[in-house]
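Working notes for the structure below.
The values are calculated or read from the model by the stated rules, or taken from the named source; none is laboratory data. Predicted model, so just to flag it, every value in this text is computed and none were measured. Every residue, glycine among them, receives a Cβ derived from its backbone with ideal geometry; neighbour counts consider all protein chains shown. Ligands, DNA and RNA are excluded from the accessible area calculation, which covers all protein heavy atoms including side chains. Shrake-Rupley method; radii C 1.70, N 1.55, O 1.52, S 1.80 Å.
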Amino acid sequence: SNRDRRKISSDAYIWVNDVNALHAELKHRGAKIAGEPVMRPYKCYELEVDDLNGFRLVFSQDFSQA
């Protein structure tokens, strides 16, 4: 797969306004979600998804000002 070949944690990092809403929508549509959304130490709430080509997409919501 692309992920194995590259040995990196993500292929794209995408800023969104509502990770929970996106997670619910993608789960409903049957997306390949790598895990539940998680708050990172750098104050970003992230959701990791594998696309149909095997690329890892990270959707992030910034909580650094919260």
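Below, the figures for the structure above:
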{"read-out": "Range in the chain, longest, excluding exposed chymotrypsin sites (Phe, Trp or Tyr not before Pro) [loop by DSSP; at most 15 other beta-carbon atoms within 10 Å]", "value": "1-41"}
{"read-out": "Percent carbon-and-sulfur accessible area, the chain, ignoring ligands, DNA and RNA, probe 1.4 Å", "value": "51"}
{"read-out": "Cα-only Debye scattering, the chain: base-10 log of I(q)/I(0) at q = 0.18, 0.29 Å⁻¹", "value": "-0.65, -1.30"}
{"read-out": "Degrees separating the helix 19-28 axis from the principal Cα axis of the chain, which is the longest one", "value": "40"}
{"read-out": "Projected label distance in nm at K43 and R29, using a 7 Å step from Cα toward the beta-carbon", "value": "3.0"}
{"read-out": "Calculated [θ] (222 nm, deg cm²/dmol) that DSSP helices of n ≥ 4 give over the chain, each run adding -39,500 (n - 2.57)", "value": "-6000 deg cm²/dmol"}
{"read-out": "Cut-off under 5 Å, modelled amide H: who pairs with A34 long-range", "value": "E48, V49, D50"}
